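Structure first, then comments.
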Amino acid sequence: MRSVTSNKPDVAADPRPLRVPVHVGVIMDGNGRWAASRGLPRIEGHRRGLEALRGAVRTAIDFKLDYLTVYSFSMENWSRPVTEVADLMGLLKRFIRNDLADLKKANVKIKVIGRRDDLKPDIRALLQEAETATCGGTGLNLIVAFNYGARQEIAAAARALAEEARSGLIDPADIDEAFFASRLDTAGVPDPDLIIRTSGEQRLSNFLMWQAAYSEFVFLPIHWPDFDRKAFAAAVEEFGARERRFGGVTPAATASAART
Ligand code: IPE
Ligand code: IPE
Ligand code: MG
């Protein structure tokens, strides 16, 4: 795999399309509808969604992706019925308790993004344990967006920078995009090259809004529990066929401009 990150592409120096995504984000949507269409309770859709997540991690490892970010629970998901929220919290616990050892063995490094303060102490402890236990991983970086919201993340970064400026630690004039990004939860992580959303919805729903500035989007009509290796491969293939420009011009346009 070519070692590229999408943050600072030098299109002029390397005009080839970036065929293999370094970082893929997935908005795992449609569990409820998957269940409803089978006459099952929503929790069954979430359970099957967890299976699909396990499969997606295996596929990401096989595809040698560097980063996989999975949107597991949004800050707005608290507005769901308390029983469903409890089910989702229970599934996160089950995922970490059951899968942590295997993930560690597979050399996965886990990072959690989102607000931890609102979570119960046992969940916070498990998230911490997942990060600590896998901190030496040199394979896939699995980023779990849990109780995550992009607007809240951006507001928190602005607040942190304002505090630093107020205490004289930084000069507001020094705040540029890179400095700002260094205060986001994803500091040090390359922006997602590809964002996949299942369920047919075509929106971000408050996922990685800063980081997605130049991401390619693939919206799949299938629900998350049906997201398998084939669907993942098709999305990566579609990404490979896209032409990323980052505001520049296509290589073909450059060549024809040179001829005229
Ligand atoms: C995604 O599936 C899981 C979470 C948001 C946690 P949904 O629960 O949103 O399923 P639909 O969109 O209602 O079908
Ligand atoms: C986005 O899905 C959040 C996750 C997948 C965790 P939602 O189902 O919450 O999004 P909306 O409400 O359809 O926009
Ligand atoms: Mg949904």
The chain -> Rg/Rh from Cα coords, Kirkwood Rh, value 0.99
Partner lysines whose C-alpha sits under 29 Å from that of Lys230, ignoring same-chain residues fewer than 8 away, are Lys64, Lys93, Lys104, Lys105, Lys109, Lys111
GNM of the chain, Cα pairs under 10 angstrom: of Arg38, Arg58, Arg244, the biggest fluctuation goes to Arg38
If each K or R counts +1 and each D or E counts -1, the residues other than Ala162 whose Cβ falls under 14 Å of its Cβ total -1
Out of Tyr67, Tyr148, Tyr214, a Gaussian network model of the chain with alpha-carbon springs under 10 Å gives the largest mean-square fluctuation to Tyr214
Applying the gyration tensor rule to the Cα atoms of region 103-227 (axes a ≥ b ≥ c; rounded if a/c under 1.5, else prolate if a/b exceeds b/c, else oblate), the class is oblate
From fewest to most C-beta neighbours within 10 Å, the residues Leu92, Leu184 line up as Leu184, Leu92
Of Leu65, Leu126, Leu220, the most mobile residue in a GNM of the chain (C-alpha springs, cutoff 10 Å) is Leu126
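Within 10 Å of each residue's Cβ, count the other Cβ atoms and sort Phe227, Phe73, Phe179 from fewest upward.
Phe179, Phe73, Phe227
Mean residue ellipticity at 222 nm from the helices of the chain, using -39,500 (n - 2.57) per DSSP H segment of n ≥ 4 over the full residue count, to the nearest 500 deg cm²/dmol?
-13500 deg cm²/dmol
Where a number appears in this text, it was derived from the coordinates with a stated rule and is not lab data. Quick caveat: nothing in here was measured; it's all calculated off a predicted structure. Note: ideal-geometry Cβ built from the backbone for every residue, glycine included; neighbour counts use all protein chains shown.
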